[in-house]
Amino acid sequence: MHYSNRWGGSFEIQHDAPAEDQQSSNMQFDPPTPRRRKELVETQLGWLLSQRQYRKKNKENCAEFCVSVCKMKCLRRVLLAALIAIVVTGISMIVVRRMRMTNREEPAPKTDNYTVALSVALQFFNAQKSGHLTKSNALPWRGDSGLQDGSELSDLKGGLVGGYYDSGNNMKFHFPMAFSMTLLSWSVAEYGPKYKAIGEYNHIKDIIKWGIDYLLLTFNSSAPSISKMYSQVGISQRNSTSPDDGYCWQRPEDINYPRPVQTSTSAPDLAGEVAAALAAASLVFKEENAYSKRLVHAAKTAYRFAQETVNKAPYSTGNQMIAQFYNSTGYWDEYIWASAWLFYATGNYSYLAFVTDPNIYKNANADLKKPGFRVFSWDNKLPGAILLLSRLRIFLNPGYPLEDMLGRFHADTSKNMCSYLRQFRVFNWTKGGLIQLNHGKPRQLQYAANAAFLASVYADYMKESRVPGWHCGSFYFNISSLRSFAASQVNYILGANPKNISYLVGFGNKFPKNVHHRGASTPHDGHKYPCTGGWKWRDSEAPNPNVITGAMVSGPDKYDHFFDTRTDGDYTEPTLAGNAGLVAALVALAKSNGSEGIDKNAIFSSVQPFFLNSPPPSAWKP
């Protein structure tokens, strides 16, 4: 990897005004009058003929002239009648054709692969639901589960029932779950009209609400302040020989072992992410006024807890039940992320003032010198947060005193986009064309999907603001470069890879059959298999009896190798956050029913004008 790449420079595009050729030709034609024509004929004939010959010739000419005139009148009448007939016939044909078109059903618009894949990917969330399932969930091999989760908690009536299982195990990790809901809500805020055109708007809202309603249970969301937050349900101890979520291989409906709840009294990162999820979701449910306001209040409470924790440390610090799965490496990025979403949700400028404090950005290690800080993920929200704040500068351009930091966010976002371009070698790539944002480690598809989403969104921001491209140092790139990058990564996931396999289960003709997933691999045959009784299904080489449609598996290694093996989750395990990134990337790329681009104004619905008593600055120009 090369860390010394530098980008910047001005963005100067010169537009040459198209030449306009105007040509006009005025031709005037003044034919002789009938009287003048007769005089000319008589003069000519008088010079050549005698008087008698002239009179004889004149009589003959008169007779011929009368016949000619008669013929001309008849011809004109015939032609006029024919013309009228043609016009009437033409009008009749047009009317009949339009009547037929009106009565005929319009052909269904063509659907692109991204739209089809999006509908498939959304089904994964139905398979991951915990709690009391509704009839609309429509998965015969899934049923009610986790109904005793959190029942031992004296301060929580009804326990922690609901939410989503994270992956192939039966644990509920609140940190990546909250990130998944934030990411899905962002995709709706940007592409709501597209979800509607595709016919998945109500489905995506149901998915988000299922997760958001659960997050409201993880702390006292109706209170103005809190001192703790529940961070996880279920545990998996290393090399365990006693029943837990790692040792047992059971369908979630068959769980009969303890599932302790993890509690965090210091959770600036977790609380920040929960605040971001609730604030972003409040925009999705803006038309449901009471619910949206409830989410905003809860987001403020979570945000306050994140900020006011005395002994601040990441929620996973010192807890191996959490750290071995979703270890958080910091919380300043969540501060920026949550502040941005709360500003958009409330219009309160105090959140914007906080997030544009240069010290906050510095604390988030935002120097971007290391490629890892450019990777958008459940652990690093910074690339997404600064893109979200760049949106404010691009479309509203608030000017002084925010311009310095918003301009820096925007510049760093452009650098992030440059890092995705293969020629700069910021990240390694597989020979098959997959960017290695996970530094060659396993489970890299989720990072590529996230990057594809950010690239697509930034391209749409530029398109909407009529900016054709951007500079990476002295190199200029059109926005099509970002779209090509995003499409290449998503296409790789969907089957354009050396293995010619779709890593999205249920899409295409060839996809993984041995997904690392307890519910999908254990038969739904009316038999309740015990903790170790499910091992035979875990270790079986037969395909899963239940197809977990919509699951994006972990994917190949850095050599493009993939092994469809159930026991190796590094290849075949799906995750909630991974699928959320794929869904976001797919809706950004989809063009079904002619719906393209972002919804420019929906995310600004709560933001008040910046310039009430003075004219706004000129529109942003790169």
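For the residues Thr218, Thr263, the requirement of being touching a His at 6+ places or on another chain (Cβ under 6 Å) and either more than 23 Å from Val161 (Cα to Cα) or not hydrophobic (A, V, I, L, M, F, W, C) (or both) singles out Thr218.
Residue count for region 339-389, restricted to those that are of a type in the set (S, T, N, Q) and under 16 Å from Ala451 (Cα atoms): 2. The residues of region 518-542 that are open to solvent by less than 10 Å² (accessible area, probe 1.4 Å) and within 34 Å of the chain's Cα centre (by Cα), listed by number, are Gly519, Ala520, Ser521, Thr522.
Aromatic (Phe, Trp, Tyr) and either at pLDDT below 95 or open to solvent by 20 Å² or more (accessible area, probe 1.4 Å) (or both): is that true of Phe511 in this structure? In short, yes. Can you find a residue that is surrounded by 24 or more Cβ atoms within 10 Å (Cβ to Cβ) and of a type in the set (Val, Ile, Thr) anywhere in region 246-268? No - not one qualifying residue is present in region 246-268.
Within region 602-611, no residue satisfies the criterion of being free of Cβ contacts under 8 Å to residues at least 24 places away in the same chain and within 11 Å of Gly192 (Cβ to Cβ). Of everything in region 392-438 that's in contact with a Phe, Trp or Tyr (Cβ under 8 Å, 6 or more places away or on another chain) and basic (Lys, Arg), which residue is least open to solvent (accessible area, probe 1.4 Å)? Checked region 392-438; the qualifying residue least open to solvent (accessible area, probe 1.4 Å) is Arg393.
Matching residues to (1) without any contact (Cβ under 8 Å) to a residue 24 or more places away in the chain; (2) in a helix (DSSP H, G or I); (3) acidic (Asp, Glu); (4) open to solvent by less than 20 Å² (accessible area, probe 1.4 Å):
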residue: Ser282; (1), (2), (3), (4): no, yes, no, yes
residue: Glu287; (1), (2), (3), (4): yes, no, yes, no
residue: Lys293; (1), (2), (3), (4): yes, yes, no, no
residue: Thr301; (1), (2), (3), (4): no, yes, no, yes
residue: Arg304; (1), (2), (3), (4): no, yes, no, no
residue: Gln307; (1), (2), (3), (4): no, yes, no, no
residue: Ile322; (1), (2), (3), (4): no, yes, no, yes
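All conditions but one from (1) in contact with a Pro (Cβ under 9 Å, 6 or more places away or on another chain); (2) open to solvent by 20 Å² or more (accessible area, probe 1.4 Å) apply to Tyr351; the one that does not is (1).
No other residue among Ile501, Ile548 is more than 17 Å from Gly168 (Cβ to Cβ), of a type in the set (A, V, I, L, M) and in contact (Cβ under 8 Å) with a residue 40 or more places away in the chain apart from Ile501.
So that you can scan it fast, the table gives a plain yes or no per residue for (1) in contact with a Gly (Cβ under 6 Å, 6 or more places away or on another chain); (2) more than 24 Å from Ala189 (Cα to Cα); (3) touching a residue at least 60 places away in the same chain (Cβ under 8 Å):
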{"residue": "Trp378", "(1), (2), (3)": "no, no, yes"}
{"residue": "Pro383", "(1), (2), (3)": "no, no, yes"}
{"residue": "Ile386", "(1), (2), (3)": "no, no, no"}
{"residue": "Leu406", "(1), (2), (3)": "no, no, no"}
{"residue": "Thr413", "(1), (2), (3)": "no, no, no"}
{"residue": "Asn416", "(1), (2), (3)": "no, no, no"}
{"residue": "Ser419", "(1), (2), (3)": "no, yes, yes"}
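Only one of (1) open to solvent by 20 Å² or more (accessible area, probe 1.4 Å); (2) touching a helix residue (DSSP H, G or I) at 6+ places or on another chain (Cβ under 7 Å); (3) within 14 Å of Met321 (Cα to Cα); (4) not small (Gly, Ala, Ser) fails for Pro224. Which number is that? Going through (1) open to solvent by 20 Å² or more (accessible area, probe 1.4 Å); (2) touching a helix residue (DSSP H, G or I) at 6+ places or on another chain (Cβ under 7 Å); (3) within 14 Å of Met321 (Cα to Cα); (4) not small (Gly, Ala, Ser) one by one, Pro224 breaks only (3).
The set of residues in region 527-586 that are closer than 30 Å to Val457 by Cα, of a type in the set (S, T, N, Q) and assigned to a loop (DSSP other than H, G, I, E, B) comprises Thr549, Ser554, Thr575. Helices (runs of 4 or more DSSP H) fully within region 327-377 that include at least 1 residues being at pLDDT 95 or above and either more than 24 Å from the chain's Cα centre (by Cα) or not aliphatic (A, V, I, L, M) (or both): 332-346, 349-355.
Got a number for residues in region 404-429 being out of contact with any Asp or Glu (no Cβ under 9 Å at 6 or more places or on another chain), more than 22 Å from Gly469 (Cβ to Cβ) and assigned to a helix (DSSP H, G or I)? Matching residues across region 404-429 total 1. For region 263-289, the set of residues classified as under 19 Å from Val355 (Cβ atoms) and acidic (Asp, Glu) consists of Asp269, Glu273, listed by residue number. For first residues located in region 147-170 and at negative phi and open to solvent by less than 10 Å² (accessible area, probe 1.4 Å), partners that are in a loop (DSSP other than H, G, I, E, B) and of a type in the set (D, E, K, R) and lie 6+ apart or on another chain with Cβ distances below 9 Å form the pairs Asp149/Arg259; Leu160/Asp149; Ser167/Glu573; Gly168/Arg566; Gly168/Glu573; Asn170/Asp245; Asn170/Arg251; Asn170/Arg259.
All conditions in (1) more than 17 Å from Ala588 (Cβ to Cβ); (2) surrounded by 17 or more Cβ atoms within 10 Å (Cβ to Cβ) hold for Asn450, with the sole exception of (1). When region 227-245 is filtered for residues that are open to solvent by less than 20 Å² (accessible area, probe 1.4 Å) and of a type outside the set (Gly, Ala, Ser), the ones remaining, listed by number, are Met229, Tyr230, Gln232, Val233, Asp244, Asp245.
Inside region 190-209, can you point out the residues that are out of contact with any Phe, Trp or Tyr (no Cβ under 7 Å at 6 or more places or on another chain), part of a helix (DSSP H, G or I) and open to solvent by 10 Å² or more (accessible area, probe 1.4 Å)? Correct list: Pro193, Lys196, Ala197, Ile198, Asn202, His203, Lys205, Asp206, Lys209. Consider region 488-508 and keep the residues that are in contact with a Phe, Trp or Tyr (Cβ under 6 Å, 6 or more places away or on another chain) and open to solvent by less than 10 Å² (accessible area, probe 1.4 Å). The one that is farthest from Pro543 (Cα to Cα) is Ile493.
Among the residues here, Leu217 qualifies as out of contact with any Phe, Trp or Tyr (no Cβ under 7 Å at 6 or more places or on another chain), touching a residue at least 40 places away in the same chain (Cβ under 8 Å) and assigned to a loop (DSSP other than H, G, I, E, B).
Residues that are open to solvent by 100 Å² or more (accessible area, probe 1.4 Å), under 26 Å from Tyr503 (Cβ atoms) and either out of contact with any Gly (no Cβ under 9 Å at 6 or more places or on another chain) or at pLDDT 90 or above (or both) do not occur anywhere in region 123-138.
The values are calculated or read from the model by the stated rules, or taken from the named source; none is laboratory data. None of the values given here were measured: they were computed from a predicted structure. Note: ideal-geometry Cβ built from the backbone for every residue, glycine included; neighbour counts use all protein chains shown. Accessible surface areas use protein heavy atoms only, side chains included; no ligands, DNA or RNA. Shrake-Rupley method; radii C 1.70, N 1.55, O 1.52, S 1.80 Å.
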